[in-house]
Amino acid sequence: MSGKPTYYITTPIYYVNDNPHIGHAYTTLACDVLARFMRLDGHDVMFLTGTDEHGQKVEKAAEAAGVDPQSFCDRVSENFRILAETMNFSIDDFIRTTEPRHERSVQALWTKLVDAGQIYLDAYEGWYAVRDEAFYAEDELTTGPDGQKLAPSGAPVEWVKEPSYFFRLSAWQDGLLELYESRPDFIMPESRRNEVMSFVKSGLRDLSVSRTSFKWGVPVPGDPEHIMYVWIDALTNYITAAGYPDEDGESFKRWWPAIHMMGKDILRFHAVYWPAFLMAAGIEVPRRIFAHGWWTREGQKISKSLGNVIVPSDIVAQYGLDQVRYALLREVNFGNDGDFSHRGVVQRTNHDLANEYGNLAQRVLSMIAKNCDGQVPEHGAFTPEDQAMLGQAHGLLAAVRGHLDVQAFHLALQAIWDVIGEANRYVDVQAPWTLKKTDPARMATVLYVLAETIRHLALLTQPVMPESSARLLDQIAIPADQRDFAALGEGFALKPGTPLPKPQGVFPRYVEEEEGAA
Ligand code: MSP
């Protein structure tokens, strides 16, 4: 074991009734950036994603596809592994709820809850929405145009009446409120925390945690007519992957508790039910629960019926992988809803990436290639301007770390782009192309300062744009073992005289098809 601090980050596990779309890609991307950042920043990281394969919704989808549920799950789950490759997600583990390690874990948790007197048998009568896999009270429902009762999410509900086990959620109201009060950053962002708190304050009813009307799930230990409610099954994945039920094992002690990332639609399950289950079982609650917003497309809600679903592999093919990764995290303040528009991505690609970042690197590296024998230039004494520029580069890690610690990806990127802006101004002010004639030694110093600034920028953009940053680092000949954040600062500064490869543009402009054809 390395002795490094650990960091455990999870995505929701995705339902296999659907193919991967932008919602899945977005949640996992956010986690990927955190995982990559923390690894580079000296942590041992476990980054978990996977698929949620049980429940009535998946059972129905398999039936509609005319295959048995397990083959259906095997097929669709694979699409989420492919998504990870398409998006260059650095996952450490991929969990499927149909795996034996997971069934064992859910049954152990169930048994623990029963032993603690937290689960009892009764009968459920009320509304259920299969699409959300959630129970709703009468006063939460609305009526659709055709008289159909609808859940707040818009999902149709059906009246369910069957014997059911219940979890004593009502007993945890005070415990949950104490948790939220004592740890103000447990649920983020704050607006979401407030919503959860008022939901819990309005009163909690015991939760139905088993169903008898379908079969596709984990049977209740000792009463296999009952299938566990899919959310108790699904949420438990987070501890399964850490090694549960071996609570005293090295793995579990090492990784748990985790940070959970998800969309706002499934916050209640994570911020209310999940900590209640854990407290009831005497297991530590998560470190943080962060709910991000939802994307619309060109101002419209995204839905299959509107035919405007965004398929990750399509936009990657169209705009480029790192361009998509960057745009998704830069376009919106993380936590808020955002709109995915063609114009927005093109603007990010051409302005932020090509004109600002790419152009900075390209002009500096090509001047070095032409005027410094293609080697890292020798530098003289640094002027106050040089020191200010280097100081900005050196200060960047602390700023980015602070923002990512609260999942503010947009601010982290803003901080990096502030330094890119400074560097572009520094080039213009120092005008190395003029110095070339008047003071070549000074030109070399200026180019050195810029190359060193680019080194810092490229190291710090690795989590968001791994491939492009690697290509930039290749161009300034940074060895593989000097690409983590321990190499930031003066200790591993570029060595004058190091030969550099021929510079090549890293961030191409997006050219509209019509323009390209013209
Ligand atoms: N299986 C449950 C989660 C169980 S976790 C223990 C589930 N699965 S899901 O496949 O529906 O998850 C979808 C994820 O994508 C959620 O985090 C959701 O918020 C996100 N999104 C779905 N559509 C989205 C957008 N249009 N925009 C952003 N994210 C959205 O829920």
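The values are calculated or read from the model by the stated rules, or taken from the named source; none is laboratory data. The shown structure was predicted, so the numbers you read here are calculated from the model rather than taken from an experiment. Cβ sites come from the backbone with ideal geometry, for glycine too, and all protein chains shown count toward neighbours. Quick note on the areas: whole protein, heavy atoms, side chains included, nothing else; ligands and nucleic acids left out. Shrake-Rupley method; radii C 1.70, N 1.55, O 1.52, S 1.80 Å.
Tabulated results
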quantity	calculated
Accessible-area composition of the range 342-492, carbon plus sulfur, in percent [1.4 Å probe]	53
For the range 342-492, with +1 on Lys and Arg beta carbons and -1 on Asp and Glu, the positive-most of GLY374, MET389, ALA477 along the dipole	GLY374
32 Å Cα-Cα threshold exceeded, pairs from LYS60/LYS201; LYS215/LYS264; LYS112/LYS264; LYS437/LYS502	LYS60/LYS201
Computed helical MRE - 222 nm, the chain, DSSP H runs ≥ 4 contributing -39500 (n - 2.57), nearest 500	-14000 deg cm²/dmol
Extension gain (nm, one decimal) between LYS149 and ASP314, 0.36 nm per residue minus Cα-Cα	55.8 nm
As computed over the range 342-492, the Cα convex hull volume per residue (Å³)	114
Cα-based helix-to-principal-axis angle, 466-475 vs the chain, degrees rounded to 10	20
Cβ-Cβ FRET estimate between GLU385 and ASN88, R0 fixed at 35 Å, reported to 0.05	0.40
Relative contact order, percent, the chain [alpha-carbon distance under 8 Å, six or more residues apart]	15
Bins of 10 Å, starting at 0 and running to the largest distance - Cα pair percent for the range 238-295	23, 50, 22, 5, 0
Sparsely packed chymotrypsin sites (Phe, Trp or Tyr not before Pro) within the range 339-413, loop by DSSP, other Cβ within 10 Å at most 16	PHE382
MET197 paired with ASP185, simple spin-label distance in nm, labels 7 Å along Cα-to-beta-carbon	1.7
Hydrodynamic radius (Kirkwood) for the range 136-251, which is based on Cα pairs only, to one decimal in Å	17.2
Residue order for SER71, SER468 - accessible surface, 1.4 angstrom probe, largest first	SER71, SER468
Accessible surface, per residue, of the chain when the full set of protein chains is kept, probe 1.4 Å, Å²	42
The range 368-427: GluC sites (Glu not before Pro) in DSSP loop, at most 16 other beta carbons within 10 Å	GLU378
Cα-based Rg and Dmax for the range 3-148, where Dmax is the largest Cα-Cα distance (Å)	18.7, 61
Highest-first arrangement of 131-141, 387-397, where packing means the average Cβ count within 10 Å	387-397, 131-141
Label point distance in nm, GLN300-GLU178, each placed 7 Å from Cα along Cα→Cβ	5.1
For the chain, the spread of Cα positions along each principal axis, largest first, Å	89, 56, 41
Estimated FRET transfer efficiency (ASP115, LYS495; beta-carbon r; R0 41 Å; 0.05)	0.05
Label-to-label distance, nm, for residues given as ALA65 and PHE214 (7 Å Cα→Cβ offset)	1.4
Cleavage-rule hits, trypsin sites (Lys or Arg not before Pro), the range 188-224, DSSP coil, Cβ neighbours within 10 Å at most 14	ARG205, LYS215
Exposure of ASP337 as accessible area (Å², to 10), given a probe of 1.4 Å and all protein chains	80
Mean separation of Cα contacts under 8 Å (6+ apart) over length of the range 362-518, as relative contact order %	35
